[in-house]
1. Stretched out fully, how many nm does the piece from Glu79 to Lys98 gain, at 0.36 nm a residue minus the Cα gap?
2. Given a Förster distance of 41 Å, report the FRET efficiency between Val31 and Asp68 from their Cβ-Cβ distance, rounded to the nearest 0.05.
3. Nearest 0.05, what FRET efficiency do Lys112 and Ile39 give at R0 = 30 Å with Cβ-Cβ as r?
Amino acid sequence: MAFSTSSNGSRGRGRFQHGGTLSEINVTPFVDVLLVLLIIFMLTAHVMESGIDVDVPAVKTTKDTTRDLPIVTITKDPEVYLGEKPININEIASTVQKRYGKSQTVYVRADKRVPWEIVAQVLAELGAAKIGVSAVTKPEDITRRPR
């Protein structure tokens, strides 16, 4: 879309007649930059998932969910985190309720090498406060299973 700003009233007789200027907006560089930024975002989005390294167990069936819930993470060391901050197991339920209000459910990400006793203690603390738990797993790679 272009328009001429000539002052002689010669509409339609030539675009550059009598030194008039042509003002156009070239959006091609803008679109190029947006596409590059989109590609960069798509490539780095999976890296921004979480800063705590946890190898969750693989299961045959998983359920995709997009709910935004608090995440309790249990690392292989075993250390317990609420979000990105370390927390005492005995303070999990009260801290979840303080930070997130009356949250009904939390995600629990536990490394597959964590002793069951630690996971059970976390689940017991959350259950005593009537906070539901959704376990975080990853889908099993069926191509690598022995037959």
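Every read-out reported here was derived from the displayed coordinates using simple, explicitly stated rules and does not represent laboratory data. Quick caveat: nothing in here was measured; it's all calculated off a predicted structure. Positions of Cβ are backbone-derived with ideal geometry, glycine not excepted, and every protein chain shown enters the neighbour counts.
1. 4.8 nm
2. On the way: r = 32 Å, r/R0 = 0.77.
That gives a FRET efficiency of 0.85.
3. Efficiency, rounded to the nearest 0.05: 0.35.
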